[in-house]
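Encoded as structure tokens, the structure appears first; notes follow it.
What follows is calculated from the coordinates using simple rules that are stated; it is not laboratory data. This is a predicted model, so every value here is computed, not measured. Reconstructed Cβ throughout: ideal geometry from the backbone, glycine too, with neighbour counts over all protein chains shown.
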Amino acid sequence: MTGFAPLFLVLALLSPALGAQALSPAAAGQGMTLPQPQVVDLTEEEDPIITVDLTHQAADLWDRIRRGYAMPDLDTDEVAAQQIRYLSHPNALRSLFERSYRYLYHIVDALERRGLPTELALLPMVESGFNPMALSRSHAAGLWQFIPSTGRYFNLHQNEWVDERRDIVASTEAALDYLERIYDMHGDWHLALASYNWGEGAVLRARKKNEAAGLPTELPYLTLPDETRRYVPKLQALKNIIGRPELFNIELPHVPNRLYFESVESPPGIDLAMAASFAQLPLEELVALNPAFRRPVIPEGRQRLILPADRVGMFQSKLAGAGPRWQTYRPGSAESMESIASKFGLTLTELLQVNGLTSPFNLKPGTVLLVPAGADVQSVMPLTELIPDLPSAKEITTQPPTRKKARRTKKRSR
């Protein structure tokens, strides 16, 4: 991967237009491999026509995505610049591709059911780096980076138990609903994507401003914030790289074209550590598939749990003989957190961590606590390092807050 990038860097700097063309799938020779850097003369032969046989099953998920490309290509200097940026950091690019393997099949499947362009499956690479725990400075969360208000508009529940902006299934459906809506508004995928990043109202105002000035209203002609100006080119750059990886002398990690995970119903009262044990999964893998949970215990009511497809049967067979291991508890008016912890065989720190609290002195009236009912509490504690809404032991304080003494001002006699 590192062999080709420097050569392209030189070509692109000499001629941005040539750099963009050289990285365009439509401008590349089929079957070309570049084991060593070499200059390709693009002027001596006509660009070949790339055809895809849709009657044959896709070799892997990347192939399936390529077959569903349906957006017009964007060919600008900024696209070339973003390709240079990605190709200049091969390790980061490979990590980006590898993080996507859990979620890509589900997203591609959802896109195809709706008849949407499959390159939209690459959008979480731009939004969150395919990290479902990503949280932006504007409090946008999840693979698709919903801010709280937009998440609520699309019925993504956010409470002390779950944040569905991080839920893989729910957030994907909400994101595709939103993308369809803004595409219908603009009739143009580039403008729809800019709206996803900047807001549909802002893009509409930018288009009206150009229209009033007699200027074109397509994306490249609009005045955009820097982030939005780079946003669609980033997606196009990834589309080009994935479309013809051999052109850049890179190898994409294999992602099988088959179902990776399934949803199962899980009863309340079991914790994620128990679920991981039943499915024989590392805790990290279970949390990566179920990032919406804000507590280590399945909340009240039957909940959707995401498991690798090949572990569902094992999980359900072990679940059949298991009962609830956790229960909810409403503290009495005279009870302290210390006494509750002692009552259920917990340390004060354990009780606070499991319930997402950093101090025993900020308990709000009516708070419902999670307490064990036969659970192995120690098996749950590693989850406090994996679930971002749970505090670590270092973040907890058991000391009462110090009260500042009121300053007394001496009255002056006139």
D_trans [Stokes-Einstein, Kirkwood Rh over alpha-carbon pairs] for the stretch 278-353, 4 °C, 1.567 mPa s, µm² s⁻¹: 86
Between the stretch 323-397 and the stretch 247-271, the Cα center-to-center distance that results, in Å: 32
Segment GLU180-LYS394, length gained on full extension (0.36 nm per residue, minus Cα span): 72.6 nm
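Using a simple charge model, +1 on the beta-carbon of Lys and Arg, -1 on the beta-carbon of Asp and Glu, nothing else, what dipole does the stretch 174-259 show about its Cα centre, in debye to the nearest 20? Before the final figure, lay out each step's value.
Numbers: 11 positive and 11 negative charges, 30 e Å.
That gives a dipole near 140 debye.
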Nitroxide proxy distance, nm - points 7 Å out along Cα→Cβ at ALA373 and LEU135: 3.0
Three-way shape call for the stretch 103-249 based on the alpha-carbon gyration tensor, with the a/c threshold at 1.5: oblate
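Which GluC sites (Glu not before Pro) does the stretch 248-356 hold that lie in a coil by DSSP with at most 14 other beta carbons within 10 Å? Walk me through the numbers on the way to the answer.
Working: sites: GLU251, GLU262, GLU265, GLU284, GLU285, GLU300, GLU335, GLU338, GLU350; in loops: GLU251, GLU300, GLU335.
Filter output for the stretch 248-356: GLU251, GLU300, GLU335.
Only Lys, Arg, Asp and Glu count, each charged at its Cβ (+1, +1, -1, -1), so figure out the dipole size of the stretch 276-389 about its Cα centre, rounded to 20 debye. Each step should come with its number before you reach the end.
Details: 10 positive and 10 negative charges, 82 e Å.
Rounded to the nearest 20 debye, it is 400 debye.
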Charge dipole (the stretch 98-175, unit charges on Cβ, about Cα centre) - positive-most of SER149, TRP161, LEU116: SER149
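Any chance you could run the full-extension gain for LYS364 through ARG94? It's 0.36 nm times the residue separation minus the Cα-Cα distance, nm to one decimal. Mind showing how you got there, number by number?
Values: separation 270, 0.36 × 270 = 97.20 nm, distance 4.55 nm.
Extra length from LYS364 to ARG94 when fully extended: 92.7 nm.
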In order through the stretch 95-105: 3J(HN,Hα) via Karplus (6.51 cos²θ - 1.76 cosθ + 1.60), integer Hz, x for Gly, Pro: 4, 4, 5, 5, 5, 7, 5, 5, 10, 4, 4
Other-chain or far-sequence residues with amide H under 5 Å of GLN303's (modelled H): SER266
Cβ-based charge dipole, the stretch 52-114, positive-most Cα from ALA80, GLY68, ILE107: ILE107
Magnitude of the charge dipole, the stretch 61-184, Cβ model with Lys/Arg +1 and Asp/Glu -1, debye to 20: 300
Loop chymotrypsin sites (Phe, Trp or Tyr not before Pro), the stretch 324-394, which have at most 16 other Cβ atoms in a 10 Å radius of their Cβ (DSSP): PHE361
